[in-house]
1. Using r as the Cβ-Cβ distance of Glu359 and Asp32, and R0 as 35 Å, what FRET efficiency do you calculate, to the nearest 0.05?
2. Report the extension gain between Arg239 and Lys274 in nm, rounded to one decimal, defined as 0.36 nm multiplied by the number of residues separating them, less their alpha carbon distance.
3. Using the alpha-carbon centroid of each, what span in Å lies between region 88-105 and region 137-156?
4. Measuring from label point to label point, each 7 Å out along Cα→Cβ, what is the His258 to Leu41 span in nm?
5. How large is the charge dipole for the chain, taken about the Cα centre, if only the Cβ atoms of Lys, Arg (+1) and Asp, Glu (-1) carry charge, to the nearest 20 debye?
6. Among the aspartates and glutamates, select those whose C-alpha is under 16 Å from the C-alpha of Lys240, and discard any that sit fewer than 8 residues away in the same chain.
7. If we sort 337-345, 88-96 on the protection proxy, mean other Cβ atoms within 10 Å, highest first, what's the order?
8. What residues have an amide H closer than 5 Å to that of Gly249, excluding those fewer than 5 places away on the same chain, when H is modeled at 1.01 Å from N in the peptide plane?
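The values are calculated or read from the model by the stated rules, or taken from the named source; none is laboratory data. Bear in mind that the values here come from a model prediction, so they are computed numbers and not experimental data. Cβ atoms come from the backbone with ideal geometry, glycine included; neighbour counts cover every protein chain shown. Remember, those area values only see protein heavy atoms, side chains included, never the ligands or the DNA or RNA. Shrake-Rupley method; radii C 1.70, N 1.55, O 1.52, S 1.80 Å.
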Amino acid sequence: MDRQGKQKTAPIEALAMGVVVTGLALDTALGDQLQTWTKLLQGKTAIKPKQPFINLPSFPLALQGNYPRSLGQLVPPLVQAAIDDAQLDPAEQPWGVAIGSSRANQCHWEDWVGRNIKPPVAPNFKLVDWWQTLPDQAARLAAQLLPEVTVMQCPMAACATGLWAIAQGVELIRTGHCQRVLAGAVEAPITPLTLAGFSKMATLAPDGCYPFDRQRQGLVLGEGGALLVLETRELAQKRKARIYGEILGWGFSCDALHRSTPAFDNHSAQQAVKHCLTRSGLTPEQIDLIHPHGTGTLFNDQREAALIQTLFPQNPLITSSKGATGHTLGASGAIAVALTLLSLHQQKLPPCVGLKEPEFPLNFVRIESVQPATSPLNYGLCLSFGFGGQNGAIAVGHAPLPTK
């Protein structure tokens, strides 16, 4: 932003540089990428009642096991899976890293403060030096696994962290810092303090997560993350890589109204979406698919539905995933982008899990009507909103390349 509050844009030649996604890695409570995608298409959920902490009651949670995992357990497999999926030699090019986490190592900090709480956050947690628990650990763990890293960034923007990280990764390529970036977000948010805090705010659902449903009662926490291998289109073409799609543009804004409650007038949120579309060279009518933030809380879903109705009168398809994966906080935007890219690449539409009776007249993909896309899915939009009034949007495009 300049001093007059006007949004600055990248130079035309930078915007013209295509940045494509050649590798994806997902880890959610549903499983790895293949398991997550397959189960989502089937309308399955990973949310179950669990009690990982004996000093707290049981909560509906989205966990792979009985206890939460740490960043140290989540990040390395994701890094390897992303590299493997991109089918590349990581030593070919220097890397940039842009991986965020809004909660970082809060689990370790709580473990240190309350060593008398049993069981610990996870039975296989290991004691680590304090410097290994700084907020940059997700990015640092990834960087340590790559042969050569020229720049490392670790954004934190509440639940908009994942979108911010991907946007920063693209910008590293467009500004010439590197030709290949590992970008995304990973979150290990299920801790006693986080559960107690959200419970005190009365935002936790008592039995499940049902975004945009008339019976929705709140959010359900989940763990996991998503990493993308970003490359210049030229580099991807040179190595004849499979391409999932292209990151076209993004927009961000901040309500600056309240520490947790967003502005209901949606003015700043609208600006974020409009900036995203302008930078992407798209009109609202060109958006075929929207992956909303869709937390399942009364206020946030109502606000987001109003935003979509105002800006997208053509009523594009809506597919929401938190009813299956839970809310992974800072990682949710990265997971949304990965799932949207899979939808465009495979031309398939996962349903809005947990949605039985929609409250809003949006074009939701329903479990009972899931089928391959009947018209081409060319452009998708991912939305994220976070505490502090964070608003984020990223547009992606279906951009296949021949692999011969």
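1. 0.60
2. Taking 0.36 nm per residue and subtracting the Cα distance, the gain is 9.1 nm.
3. Region 88-105 and region 137-156 have Cα centres separated by 5 Å.
4. Taking the two extended label points, one gets 4.1 nm.
5. Taking the Cα centre of the chain as origin, the dipole is about 240 debye.
6. Asp84, Asp85, Asp89, Glu92, Glu231
7. In descending order of packing, they fall as 337-345, 88-96.
8. HN-HN under 5 Å from Gly249: Ala395.
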